[in-house]
Amino acid sequence: MTDLHRHLRDRLLATLVDLGLARDAAQPLIRLDPPKNRDHGDVALGAFQLAKLAGKAPPALAAEIAAKITSDAIIESAAAAGPFVNFRFRRAALALEVLSAIQSDAAPYGKARGNGDVVCIDFSSPNIAKPFHIGHMRSTVLGNALCRIHRHVGATVHGINHLGDWGMPFAKMMTAYMRWGNEQELHRSPMRYMFDLYKRYGVEVKQNPGLDGEAAAHFRALESGVDNQERRMWKLLRDESLKAFQGPYARLGVTFDHITGESFFEDKMAAALQRVVAAGVLEQSDGASVVWLKELGIKEPCILTKSDGTTLYHTRDLAAAFYREVTFHPTRILYVVGAEQKLHFDQLKGVLTKMQEPIAKAVEHVPFGLVLSKSDDGKWEKFASRSGNAVFLDEILDEAVAKVRAVIREKNPDLANADQVAEQVGVSAIVFNDLKNSRIKDVKFDWDSMLQFEGETGPYVQYACARLASILRKVEVPVPAVDAIDCALLADAERVLLVMMDFGTAVQKAAEQSEPSHVTGHAIALAGEIHSYLRDHYVVGAEPAVRDARLVLVDAARRLLTTGLALLGITAPDRM
Ligand code: ARG
């Protein structure tokens, strides 16, 4: 919340109390949003819920509020429009407040103080036995952004990689390795090698269905807890995969606070199952233990042990929920996992709900859409690479970087650190493309459009940052303090200032709705506004008072764009 918003909220609250509303009930209902049309005002209040509280029609209450909020040093006007009240701030106050808060890194432009939320974010979580799926890349990029966004608004965040390193998929991989694998080849290129083994298992199991029984036996041996061949194999394959993921994770700016994969819950599942029994909700069905969830509208039961006594994906997620509850005391647990696992998370939450566990409320699936690529006949379909559905993250990142490198060679051959800039811009283009639209939408993976330097792309926003940095270099005087400039000289920059003012709302919404696209959208809007401002307003060469005022504006735009990009996991080069 900015000081402008805070001032307006105080005035509103006093007004609402005057109108007979209870302070405590009214306060949380005061929500100030950017209006649909900026010509109507700077911020808007929807009076719907407040009107309900007041027992009045929304337009009637809106009119009463507008009449009572008279202008002052900060507020210029208040006008009712149907059920909304639109407010305008005085231009000098707007410039002064926004620019000084950005310059001093005050929240919401800088990081907020603790807000009391504890958010566990379960993301990336690839299956190390199966190839890294393009969907895992989305989870990685989305989860990374959500970790950064929640930290910014003041939450304590636990970023967790719930690695798929247990269960039948892993047992199949292990079986293939035990039959056909060799360690030298594994070390040479672990991900590709495991992928080949995985494919070979798929082919051979068709000829030899007995392989699945072998895999099940290996899994039982692994779950027995004994230090045996399976356990040593498990450790080897897991360590190699983790090492191999480290490269792409580092390039994407991704770190985890905890890498507690499915195997971590090996010794915690028995207690979790005990708790389900104690709650009286576990039933037997054909030798398996299940929880029925029909009364919650879920047809399929949640299976917690199979008839041979082994555990499942669900069993580990249940143990993980209990573990997170006692270890972190989370207010929210976000599972950043593709929409195709909706049933899985409905069931998980369902079991906890049926058990009347308070943690059930914290469980939130954060689903997202598919990644699509263009087929040879030009149709958009589920992403496929040369190796089928698998992707090697490092390969995709390398390709993006190589393409950007070629553009730089052509457009800016003398650029210093060209390789480093290409890495920054190439990787960011992919990240930005993933985060640009609402997450539930499918993402079109199209090199040409994501690498454009124009339009809604990562390179476009990075280019805006570089342009601002270049102005600051060229002007050759330091950026003055906001108090030292005449804010009235920025009356022509109101559009830029209003977009800047919206930053806090965008980040807050992104955190509440698990939607980084609010932050991407803000970065695009700010880059666009500052670009068009600079088309008709020069800084270098303007007379000193004007130059100084514009300098503060340019510096603030650069800072805020840099902050916004950082929340998405993107860095911006000073030159490109
Ligand atoms: N490893 C799983 C998969 O690739 C995703 C795990 C998501 N997290 C979780 N707690 N279930 O499908």
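Every number here is computed from the coordinates shown, using simple stated rules; none is lab data. The shown structure was predicted, so the numbers you read here are calculated from the model rather than taken from an experiment. Ideal geometry is used to build each Cβ from the backbone, glycine not excepted, and the neighbour counts take in all protein chains shown.
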* 5 angstrom amide H check on SER77, placed H, neighbours 5+ away -> ARG88
* Whole-angstrom gap from the stretch 315-350 to the stretch 526-552, using each part's C-alpha centre -> 49 Å
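Hand me the GluC sites (Glu not before Pro) from the stretch 411-479 located in a DSSP loop with no more than 16 other Cβ atoms within 10 Å, in residue order please. Walk me through the numbers on the way to the answer.
Details: sites: GLU423, GLU454, GLU456, GLU476; in loops: GLU454, GLU456, GLU476.
Answer in residue order: GLU454, GLU476.
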* **Low-density loop cleavage sites - chymotrypsin sites (Phe, Trp or Tyr not before Pro) in the stretch 499-576, where at most 16 other Cβ are within 10 Å (DSSP)** => TYR538
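Taking a quarter of the surface of the convex hull around the Cα atoms of the stretch 264-333, what do you get in nm²?
On the way: hull surface 21.7 nm².
Mean projected area of the Cα convex hull: 5.4 nm².
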* To do: Please list 161-168, 138-145 highest first by mean number of surrounding beta-carbon atoms within 10 Å per residue.
  => 138-145, 161-168
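Per residue, what volume in Å³ does the convex hull of the Cα atoms of the stretch 193-350 enclose?
Values: hull volume 27.2 nm³, N = 158.
Dividing the Cα hull volume of the stretch 193-350 by its residue count gives 172 Å³.
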* Under 13 Å, Cβ to Cβ, from VAL499 - net charge with Lys/Arg +1 and Asp/Glu -1 -> -2
* Structure fact -> Taking the reciprocal of mean 1/r across every pair of different Cα atoms in the stretch 448-490, the Kirkwood radius in Å is 12.7 Å
* Grab the other residues whose beta carbon is less than 12 angstrom from that of LEU29, score K and R as +1, D and E as -1, and report the net. => +3
* Order these peptides, 430-438, 29-37, by their mean beta-carbon neighbour count within 10 angstrom, highest first. => 430-438, 29-37
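Rounded, prolate or oblate, given the Cα gyration tensor of the stretch 419-543, with a/c below 1.5 counting as rounded? Intermediate values should be presented prior to the final figure.
Values: a/c = 2.46, a/b = 1.51, b/c = 1.63.
Here the stretch 419-543 falls in the oblate category.
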* Asked: Can you work out D for the stretch 125-250 in µm² s⁻¹ from Stokes-Einstein, where Rh is the Kirkwood radius over C-alpha pairs, the temperature is 25 °C and the viscosity is 0.890 mPa s?
  -> 155 µm²/s
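How much of the DSSP beta bridge set in the chain is antiparallel, as a percent to the nearest 5? Each step should come with its number before you reach the end.
Working: 24 of 41 bridges.
Rounded to the nearest five, the antiparallel share is 60 percent.
Give me the net charge of GLU204's neighbourhood, meaning all other residues with Cβ under 14 Å from the Cβ of GLU204; Lys, Arg count +1, Asp, Glu -1. Could you put the intermediate results ahead of the total?
Working: positive: LYS172, ARG179, LYS199, ARG200, LYS206; negative: ASP196, ASP212, GLU214.
Residues near GLU204 contribute +2 overall.
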* Asked: What residues from the stretch 264-286 fall in the zone where the backbone N is under 15 Å from a label point 7 Å along the Cα-to-C-beta line of GLN341?
  -> 264-265
* **Paired Rg and Dmax values of the chain, which use every Cα atom, in angstrom** => 27.5, 84
* Before rounding to the nearest 500, sum -39500 (n - 2.57) across all DSSP H runs of length at least 4 in the chain and divide by the residue total; then give [θ] at 222 nm in deg cm²/dmol. => -17000 deg cm²/dmol
* Hey, if you drop one equal point scatterer on each alpha-carbon of the stretch 369-470 and run the Debye formula without solvent, what base-10 log of I(q)/I(0) do you get at q = 0.11, 0.15 Å⁻¹? -> -0.36, -0.65
* **Reach of LYS235 by Cα under 16 Å, taken over lysines that are not fewer than 8 positions away in the same chain** => LYS130, LYS172, LYS243
* Per residue, how big is the convex hull around the C-alpha atoms of the stretch 113-153? Give it to me in cubic angstrom, could you? => 52 Å³
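Indicate, rounded to the nearest 5 percent, the antiparallel portion of the DSSP beta bridges found entirely in the stretch 26-184.
Around 65 percent of the beta bridges assigned by DSSP in the stretch 26-184 are antiparallel ones.
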* To do: Normalise the Debye intensity by I(0) for the stretch 56-201, one equal point scatterer per Cα, no solvent, then take log10 at q = 0.11, 0.13, 0.16 Å⁻¹ and round to two decimals.
  => -0.71, -0.82, -0.98
* Asked: If you line up the long axis of helix 58-68 against the longest principal axis of the chain, both from Cα atoms, how many degrees apart are they, to the nearest 10?
  -> 40 degrees
